Amino acid sequence: MTTCVVVRKDNQIAIAADSLVTFGDTRLSNAYEANLKIFQVGDSYITLAGTAAHFPVMRKLLTEMGEECRLSNREEVFATYSRVHQILKENYFLNTKEDEDDPYESSQITSLVANPHGIFGIYSYREVFSFDRFWGIGSGRNFALGAMYAAYDSAPDARAIAEIGVRAGAEFDKSSSAPFQIISVAMQPNIDVPASPVRASPPAADDRLSGDQPPQ
């Protein structure tokens, strides 16, 4: 699977992901394809865990939502991902079934969102969490969470903590690997201000890969 993390510290937000894609026992590393697991929609950066099929679908879907794609607070994220679920069913033939006892239809997606307003986690039943410090998803998440917990107070900023998290995931999880995509943005002074619609914006200046290969 993957290791993906989001971090919030002081006035900085960061999101990071490894670059390995797996198909059963087969590994597709960055040496064979540039596997960027973080994509931008407006001022938000989004990553996913699960099947690789999610990435082109979610990138296209969220971009085409235009002003309906609002991700500035927990309520907006929930509303947006609820709409996403409906579109996935109608246009992309989503299989919503996980277990017989499912309380709701599953979106089959685990996602992290980072933007100047905060860091958020979204799970398959559209559960939305707004994190105060950090979180991780994917098969390497437990290694990442432990490493970020140990480093949070002493690390200089959110970007450094995010890199520590994905490095730990790649070190111990067989389905995660360097190089890493790490993006950091400044946090808005007031996280609770009313949100405005998501609009297109240029890529962050520090969006680059780090790890065994030089920055690209």
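Tabulated results
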item	result
Computed magnitude of the charge dipole of segment 39-109 (debye, nearest 20; Cβ of K, R +1, Cβ of D, E -1)	340 debye
Segment 58-125: trypsin sites (Lys or Arg not before Pro) in DSSP loop, at most 15 other beta carbons within 10 Å	Lys97
Fully extended contour minus Cα-Cα distance, from Glu171 to Thr96, at 0.36 nm per residue	23.7 nm
Label of the coordinate-derived value, percent of Cα pairs over 29 Å apart, listed as [x] 37; [y] 21; [z] 28	[y]
Value of relative contact order over segment 36-194, rounded to a whole percent, pairs C-alpha under 8 Å and six or more apart	20 percent
FRET efficiency for Glu64 and Asp157, using Cβ-Cβ distance with R0 set to 30 Å, rounded to 0.05	0.30
Rounded if a/c under 1.5, otherwise prolate or oblate - segment 38-153, Cα gyration tensor axes	oblate
Neighbourhood net charge (15 Å Cβ-Cβ; Lys/Arg +1, Asp/Glu -1) for Tyr123	-2
Lysine pair number, Cα distance threshold 26 Å (strictly under), the chain, separation 8 or more or different chains	8
Debye, to nearest 20: dipole size of the chain, +1 on Lys, Arg Cβ, -1 on Asp, Glu Cβ	380 debye
Residue-averaged 222 nm ellipticity for the chain, from DSSP H runs of 4+ at -39500 (n - 2.57), nearest 500	-8500 deg cm²/dmol
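Computed from the coordinates by the stated procedures, all read-outs in this text should not be read as laboratory data. Here the structure is a predicted model, which means the values were calculated and not measured. Quick reminder, even Gly has a Cβ in these numbers, built from the backbone with ideal geometry, and neighbours come from all protein chains shown.
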